[in-house]
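See structure below.
Each reported figure results from applying straightforward, stated rules to the coordinates on display, with no laboratory input. Because the structure is predicted, anything quoted here is derived from the model rather than measured. Cβ atoms come from the backbone with ideal geometry, glycine included; neighbour counts cover every protein chain shown.
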Amino acid sequence: MAAVVLAYLPALWAGYVWDDDAHLPLSDLQRSLAGLWLVWTWPGATPQYYPLTHTSFWLEAQLWGLRPAGYHAVNVLLHAANGVLLWRVARRLGLPAAVALLTAAAFALHPVNVESVAWVSERKNVLSTLFYLAAGLCYLRSAGVGEPPAAPPPTSRTAPVPPQQLPPLQPASPDAGRRGHWYAAALGLFACAVLSKTVTSSLPAALCVLLWWHRRLDRRQVLRLLPMFAFAAGMAWVTAGMEKWNVGAVGRHWDWSFAERCLIAGRAVWFYAGKLAWPAGLAFVYPRWEIDAGVWWQYLFPAAAVGLVCGLWLARGRVGRGPLAAVMLAGGTLFPALGFVNLYPMRFSFVADHFVYLASPPLLALGAAAAVAVARRAATPPPLAAATGGIVLCVLAALTCWQTTRFHDEESLWRHTLAANPRAWLAEVNLGILLAGRGEDAAAAEHYARSLAIEPDQEHTHLAWAALLDRQGNVAAATAHYEAAGRIAPTDPRAPYWLGNLAARRGDATAAAARYRDALARDERHEPSRLALAASLAAENRPSDALVEYARALELNPYSLEARQRAAALLTRGGDPAAAVDLLVEGRRLVGPNAKLDNNLGVALLRAGRPAEAADRLREAVGRDPNLAEAWLSLGSALEMLGDRDGAGRAYERAASLNPSFDAARAGADRVRRQ
């Protein structure tokens, strides 16, 4: 664990990269108890339904907010704990002490795992692996793996053996009387693993392989594993659907035939084996190779993989079942990331370092066993063998430390990616977005141009470039890029949404509404388009139609504070404050107390002639956010209606000090003073 902490020290000073903001609880709602409830009950609240992983983020947000050091430190400690657990599992499986220690240390210090540890979003990898290994260890103990075999029962009646000739009694295993408890713990820990990341659904199949290796696989063990298989299948179905419809892994970029998927898988397994054996040229985005089912040599990769498995099966009598078990464990664990299931990262690369995190231990164990066997056959003195192993681990640790620096910040990550893979269009566009955010428009445009030169049919680049041109005031060029993005991705609602915003800024509400409807025809769940459509309808003096859109938005997402508050404001202005109050009270019940929500509820209660209740809600609003000027202004109005002139004056003055442009606040303070 100390070695891991030292190797990953640069991570403790690192920031966030790429999609970290999509996973962390950034908003007040996400950091509230209601946000935690949403993580577990609303699959669309997070990019993937990994509620235990996001619960860990929620807990950390309560402890140290959004400071990245804490999140990185937890990732590093989880990875170190995984190394220790892997060592315990290896010893339970009967691997020699040297092999078990070398396997665990190589896993803990291997640079291919940096992506899973130094990238905050990959908390799902390190956390799920912790539960995966713990569940596996508990199940092995419940199955008696690693215990001395029981004495066989007598098979014939023979003369009694004199006591002095009896073998010494073996002490009973302490696990023997608690196997039911270990089994229950295994089930619970497995559920935690799958709720952290669904790739751990492979555990029951992995346990079958391990039990087969130890010659303990029988009907009883298969029946005991059935609950795991059932839970794994259900969660895998949920994750596949989320990856397709929520993350966006659907369309022409994943339109491969079965033969092409086999070619992807065959090449990927050898790629990962090569990176584990020789971790050179590691990159965040690897080149995506061309798959062509008509090229004969591409079939050599899957053929070699199948040939290896068949060869190890035929040679199991000579070399034992261990090598075959290791290869089957690695291949089975990698299966979801081999192209047979659509994963979003495969849009820009068929392989990624974080895909091999959970699958690496069996191959590392195979390599460690081979190294120890070679050393013993060569009669290498133990001190020399230990020194050689130590040198290898030190090299791995140094490479890990160096690789971790690549994740220091987003710019470092993308520039290193381009140095390793100059055709990484994803790195080009994301570096451009980063530079555009800093105001370096010319440099950003150069990266966008290079991205389109590498991959012309990428809507992400067109959308980013259009946003830059729009900000510069070049509406015609921005429109051209938005329209290009819309043609490339006919199911993506973002291009028509932004075109609608362009029309709305020109004052053409009818054209804007048409664009927003186009976006909703592509994806009716795109909430920004529906809210924008409702706003454009309200601007056309069609409040009833706008309220229909707000109602549809709340039907799709009852937890949308934006839709709820906009609808309540429209109802209040339309002379129905009672309906607005009901709408906001329901929102408060669903998402819990919220400063802005309480302010809007207070305003609606004031309009409904309920100043005492309004004052209570507004006091709660300013208690949660003392800098919310609107709430102080509304509180002043409520207290003035209740006859509390001193309190009203203080509230008005506070609102005016927070927002000097609040003429109503200054007028209210003057009015109360005159009274």
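The residue among 597, 637, 571 whose Cα reaches farthest toward the positive pole of the charge dipole of segment 528-675, with charges on the beta-carbon of Lys, Arg, Asp and Glu, is 637.
Of interest is the spacing of the C-alpha centroids, which for segment 530-550 and segment 84-127 amounts to 55 Å.
Where only DSSP H runs of four or more residues are counted, the chain gives -21500 deg cm²/dmol as its mean residue ellipticity at 222 nm, each run worth -39500 (n - 2.57). Each label point was placed 7 Å from the Cα along the Cα-to-Cβ direction; for residue 521 and residue 296 their separation is 5.0 nm. Segment 41-78 and segment 254-315 have Cα centres separated by 34 Å. For residue 582 and residue 646, the FRET efficiency from 1/(1 + (r/R0)^6), where r spans their Cβ atoms and R0 equals 30 Å, is about 0.35.
Loop-located chymotrypsin sites (Phe, Trp or Tyr not before Pro) in segment 498-556 (DSSP state other than H, G, I, E, B) with a sparse environment of at most 10 neighbouring Cβ atoms within 10 Å are absent. Summarising the label geometry, the points placed 7 Å from Cα in the beta-carbon direction at residue 181 and residue 42 lie 4.1 nm from one another.
For residue 596, the aspartates and glutamates whose Cα comes closer than 18 Å to its Cα, not counting residues fewer than 8 places off in the same chain, are 28, 562, 582, 586, 613, 616, 620, 625, 630. Compute the Cα gyration tensor for segment 517-602, then decide on rounded, prolate or oblate, letting a ≥ b ≥ c be the square roots of its eigenvalues: rounded whenever a/c is under 1.5, prolate when a/b is larger than b/c in the other cases, and oblate in all that remain. Oblate, because a/c is 1.5 or more while a/b does not exceed b/c. Under the shape rule built on the C-alpha gyration tensor, where the axes satisfy a ≥ b ≥ c, segment 576-675 is prolate, since a/c reaches at least 1.5 and a/b is greater than b/c.
Between residue 12 and residue 542, residue separation times 0.36 nm minus the direct Cα-Cα distance comes to 185.4 nm. Measuring r between the beta carbons of residue 411 and residue 471 and using R0 = 25 Å, the FRET efficiency lands at 0.80.
State the answer as a single residue: which of 250, 468, 365 lies farthest towards the positive end of the charge dipole of the chain, with beta carbon charges of +1 for Lys and Arg and -1 for Asp and Glu, about the Cα centre. Most positive-ward Cα: 365.
The shape of segment 1-134 comes out prolate: with a ≥ b ≥ c from the C-alpha gyration tensor, a/c is at least 1.5 and a/b beats b/c.
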